[in-house]
Amino acid sequence: MKNILFVASECTPFVKTGGLADVIGSLPHALANEEKLNVRVILPMYDEIAEEWKEKLSYVTSFSVEVGWRKQDADLFQIEHNGIVYYFISNSFYFTRKGIYGYYDDGERFVFFNQAVIASLKFLDFTPDILHAHDWQAGLSVALAKIYQPVEHMKTVFTIHNMKYQGVMPVEMFDEFFNLNREHLGGMEWNGMINCLKCGIFHADKVTTVSPTYAEELKHPYFSEGLHSVLNDRSSDFLGIINGVDTNEYHPLKDPHIDVNYRHSRAKKKQNKTDLQNQLGLPVSEDIPLYVMITRLVEQKGLHLIQHILEEFLQEDIQFVVLGTGETEFESYFSYIATKYPDKAVTQLTFDEAFSRKLYASADFFVMPSLFEPCGLSQLIALQYKTAPIVRETGGLKDTVEPYNEATGKGNGFSFTNYNAHDLLAVLRYSLFVYHTPEHWKQLSKNINKSKFGWQKSASDYKDLYEKVFEQQGVVQS
Ligand code: ADP
């Protein structure tokens with residue numbers, strides 16, 4: 001059995017800001033159960049992690065980590081949860097803070113984490129055949145694995161979950177943060193900055209991203225945020241594998257957060273809607289279509305389109321609920337909307353897992369008109385809860401949502417092509433028409449019930465990829 005070590009910055013159920021946590025929390029189980037791989041995960045030990053988890057951690061060891069001239073202490077903990085072993089690297093200076101990202105010294109914090117990951121390998125009762133690093137926060141571990149070779153024959157895979165966030169810092173930090181010969185700077189530097197995402201792309205044996213369409217899009221400068229030539233140089237080692245969702249965790253029949261559990265029953269789903277309307281002080285009617293957004297409030301999520309047309313759409317007999325946190329521009333906008341349309345719109349500016357489940361379960365439509373979307377987990381979760389996604393055709397949204405077609409009766413949601421507010425408004429209006437036309441709504445609901453986005457196929461694709469990496473290094477298969 002092969003050993004894979006995932007290196008990442010977030011993971012459900014311990015700590016989450018977005019879809020990365022969902023993937024790191026569910027893919028190891030799929031790889032272990034479906035493909036018989038032995039996967040473990042290593043993460044930073046944030047203060048944010050709930051006490052109930054912290055109490056269950058067992059101490060492994062302590063060691064010293066060099067961050068340039070600094071010598072920082074690292075404590076290593078581990079926990080086994082649902083058959084997967086998770087390691088946590090703790091350092092109170094870097095990780096005892098509110099939230100998990102967004103500090104002026106995030107670069108240094110993740111230099112420490114990556115150095116500590118490499119230093120920890122000799123203390124683990126587990127020898128990785130592959131180090132599989134995710135996103136910029138883990139990109140340096142790929143470079144350091146190549147440079148230090150802490151484990152003989154260990155290979156590396158790097159997955160880009162979002163090209164927008166690259167983890168850049170001034171090139172002067174090379175001498176400040178690394179005790180490395182200058183010959184190693186080239187693989188870490190891009191456009192005069194140290195670039196952690198580039199480190200992963202440049203050094204990994206194989207590079208993946210989280211949907212086939214995003215993999216195509218990344219070949220173009222518009223999507224690749226300045227790194228297209230780095231990526232194009234790796235094109236023969238680069239591919240897109242679509243994310244899945246944890247169908248056990250996101251299951252309307254088993255979810256303890258929702259008021260009325262259901263499998264396919266539209267009647268029971270509507271009870272969740274009326275309970276929610278009651279809870280939120282909205283007019284209670286199971287016939288008013290409910291649109292929701294659950295999202296980071298950032299430009300990527302298509303919020304400028306929403307800003308242009310939402311008030312016009314709110315003239316219809318609908319309800320619109322937003323759950324999100326993020327940039328002030330959007331937080332203020334959605335607060336203003338909720339104040340102006342108290343009978344139709346509700347905004348909750350928090351990160352709230354339990355409330356998000358209630359919304360997925362209660363909604364008729366999930367709105368996600370992203371400017372770009374590497375994969376998107378939210379539209380898949382919406383489908384799990386039998387909620388119709390309304391998306392823009394980009395990245396993983398294009399790969400997972402097929403627009404409903406009245407003529408053929410096919411499709412599991414709604415989509416539009418151009419990044420244009422009135423195209424969004426038109427598709428929102430079309431969704432209303434479908435909602436109010438029983439034969440179409442029934443057909444769409446049937447199609448949604450059949451949509452499947454578990455990990456099976458993708459876990460098998462990752463397994464094939466790992467096999468290719470082993471073949472490259474000539475390791476004998478066990
Ligand atoms: P991204 O990773 O770009 O934020 P995804 O669609 O891939 O987008 O994943 C978002 C994940 O975060 C989903 O599980 C979604 O339900 C969750 N999420 C986003 N915002 C919130 C929030 N305010 N409260 C609870 N969950 C949220």
- line: Magnitude of the Cβ-charge dipole (Lys and Arg +1, Asp and Glu -1) of region 266-450 about the Cα centre, nearest 20 debye, reported as 740 debye
field: Potential lengthening between E467 and T417 on full extension [0.36 nm per residue; Cα-Cα distance subtracted]
entry: 14.3 nm
Interatomic Cα distance distribution for region 1-115, bins of 10 angstrom, percent: 13, 45, 33, 8, 0
query: Can you list residues whose amide H is under 5 Å from H81's amide H, if they're 5+ apart or on another chain and H is modeled 1.01 Å from N?
result: Y86
- request: Provide the net charge surrounding I241, with neighbours chosen by a C-beta distance below 11 Å and charges set as Lys +1, Arg +1, Asp -1, Glu -1.
  value: 0
Relative contact order (%) - region 353-478, alpha-carbon pairs under 8 angstrom, separation at least six: 19 percent
message: Please compute the Kirkwood hydrodynamic radius of region 80-153 from all pairs of different C-alpha atoms, in Å with one decimal.
response: 13.6 Å
task: With r as the distance between the Cβ atoms of N232 and K340 and R0 = 56 Å, compute the FRET efficiency 1/(1 + (r/R0)^6) and round to 0.05.
output: 0.75
- line: Shape call for region 50-174, from the Cα gyration tensor axes a ≥ b ≥ c (a/c under 1.5 means rounded, otherwise prolate when a/b beats b/c, else oblate), comes out rounded
query: Distance from the Cα centre of region 329-386 to that of region 395-472, in angstrom?
result: 18 Å
query: What net charge do the residues around E471 carry, taking every other residue with its C-beta under 15 Å from that of E471, with Lys and Arg at +1 and Asp and Glu at -1?
result: 0
task: Apply 1/(1 + (r/R0)^6) to the Cβ-Cβ distance of Y148 and K452, taking R0 = 45 Å, and write down the FRET efficiency to the nearest 0.05.
output: 0.60
message: If I stretch the segment between R263 and H81 completely, what's the gain in nm (0.36 nm per residue apart, minus their alpha carbon distance), one decimal?
response: 62.9 nm
task: Would you calculate the volume per residue, in Å³, of the smallest convex hull containing every Cα atom of region 252-310?
output: 127 Å³
- prompt: If you wrap a convex hull around the C-alpha atoms of the chain and split its volume per residue, what is the figure in Å³?
  reply: 143 Å³
field: Normalised contact order of the chain, rounded percent, pairs of Cα under 8 Å and 6 or more residues apart
entry: 13 percent
task: Before anything else, pin down the relative contact order of region 266-450: Cα pairs under 8 Å, at least 6 apart, normalised by residue count, whole percent.
output: 20 percent
field: About the Cα centre, charge dipole magnitude for the chain (Lys/Arg +1, Asp/Glu -1 at Cβ), debye
entry: 1120 debye
Residue order, fewest to most beta carbons within 10 Å, for E373, E35, E331: E331, E35, E373
statement: Net charge (Lys, Arg +1; Asp, Glu -1) of residues whose beta-carbon lies under 10 Å from that of G25, G25 excluded, is -3
Selected from L297, I42, S415, residue furthest toward positive end of dipole (the chain; charges at beta carbon): S415
- request: State, in angstrom, two size descriptors of region 164-236 derived from its alpha carbons: Rg to one decimal place and Dmax to the nearest whole number.
  value: 13.0, 39
task: Provide the packing ranking of 288-297, 263-272, 64-73, i.e. peptides ordered by the mean count of other C-beta atoms within 10 Å per residue, highest first.
output: 288-297, 263-272, 64-73
message: Run the numbers for E393 and Y101: contour at 0.36 nm per residue of separation, minus the present Cα-Cα distance, in nm.
response: 102.2 nm
query: Exactly which trypsin sites (Lys or Arg not before Pro) in region 26-66 are in a DSSP loop and have at most 12 other Cβ atoms within 10 Å?
result: K36, K56
- prompt: Over the Cα atoms of region 266-450, what Rg and Dmax result, in angstrom?
  reply: 14.9, 43
- request: Determine, for S229, S9, the number of other Cβ atoms within 10 Å of each Cβ, and report the residues in order from fewest to most.
  value: S229, S9
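Values in this text are rule-based calculations from the coordinates and carry no lab data. These figures come from a predicted structure and were not determined experimentally. Because the Cβ atoms are built from the backbone with ideal geometry, glycine has one as well, and the counts that use them run over all protein chains shown.
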